[in-house]
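Report on the structure given below.
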Amino acid sequence: MASRLWASKAASYLKISTFNRGFASVVKDLKYAESHEWVKVEGKSCTIGITDHAQDHLGDVVYVELPEVGAAVTQGGSFGAVESVKATSDINSPVSGKVVEVNEQLTGEPGLVNGSPYENGWIIKVEISDTNEVNSLMDSEQYSKFCEEEDKH
């Protein structure tokens with residue numbers, strides 16, 4: 001946060017306009033976990049990644065720890081980690097199931113998580129074992145409110 005403040009002061013001193021993000025983008029047809037992962041459900045298959053809000057708070061992602069294909073994941077359980085210039089954070093699965101694909105592109109380009117968190121920066125694809133688990137996740141409106149509340153504290 002301090003570096004952003006410093007950059008803003010420097011920009012104002014140099015008369016450069018800076019873009020203030022206000023708050024992160026949220027995609028409508030996804031479901032969200034309180035730990036800031038998103039899930040796109042397509043039948044028994046789903047794609048999982050971290051939200052724009054999460055990547056914004058992490059800063060520049062420098063490494064993504066991916067699970068093995070075939071690994072079991074449980075709802076709320078950690079399956080990997082994202083390492084940024086600021087911190088390392090666990091990635092938790094919003095649903096239970098089996099990993100059927102990992103985004104190998106992140107090995108060479110971890111910054112995709114920052115630049116395209118909902119498209120090219122997805123992390124894993126899972127075959128869901130219990131589709132009812134999706135009902136416990138937030139929709140885009142609930143998640144937006146959740147992030148606003150969290151940012152106040």
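Annotations
- Among the residues of region 50-76, the ones that are closer than 17 Å to L137 by Cβ and in contact with a Ser or Thr (Cβ under 6 Å, 6 or more places away or on another chain) come to 4 in all.
- Residue within region 142-151 that is among the aromatic types (F, W, Y), in a helix (DSSP H, G or I) and either surrounded by 13 or more Cβ atoms within 10 Å (Cβ to Cβ) or out of contact with any Gly (no Cβ under 9 Å at 6 or more places or on another chain) (or both) present: yes
- Flag for G70 being exposed (fewer than 15 other Cβ atoms within 10 Å of the Cβ) and in a loop (DSSP other than H, G, I, E, B): yes
- Of all residues in region 45-80, those being more than 12 Å from G111 (Cβ to Cβ) and more than 11 Å from the chain's Cα centre (by Cα) number 19.
- Top-ranked residue in region 94-112 [being touching a strand residue (DSSP E or B) at 6+ places or on another chain (Cβ under 9 Å) and part of a helix (DSSP H, G or I); ranked as farthest from K40 (Cα to Cα)]: T107
- Taking the listed residues E101, E42, the one that is exposed (fewer than 15 other Cβ atoms within 10 Å of the Cβ), closer than 14 Å to I128 by Cα and at pLDDT below 95 is E42, with no other qualifying.
- Among residues of region 141-153 that are within 11 Å of H53 (Cα to Cα), those with a Cβ under 7 angstrom from a residue that is of a type outside the set (D, E, K, R) and in a helix (DSSP H, G or I), sequence gap 6+ or separate chain, pair up as C147/H53.
- Checking each residue in region 113-137 for being touching a helix residue (DSSP H, G or I) at 6+ places or on another chain (Cβ under 6 Å) and either surrounded by fewer than 19 Cβ atoms within 10 Å (Cβ to Cβ) or in a helix (DSSP H, G or I) (or both) picks out V113, N114, N120.
- In the set (1) part of a strand (DSSP E or B); (2) among the acidic types (D, E); (3) at pLDDT below 95, the condition left unmet by E83 is number (3).
- The residues on offer are S93, S84, S78, and the sole one that is of a type in the set (S, T, Y), within 14 Å of S35 (Cβ to Cβ), crowded, with 18+ Cβ neighbours inside 10 Å and touching an Asp or Glu at 6+ places or on another chain (Cβ under 8 Å) is S93.
The values are calculated or read from the model by the stated rules, or taken from the named source; none is laboratory data. It should be emphasised that the depicted structure is a prediction, and the values quoted were computed from it without experimental measurement. Note that each Cβ is placed from the backbone with ideal geometry, even for glycine, and that neighbours are counted across all protein chains shown.
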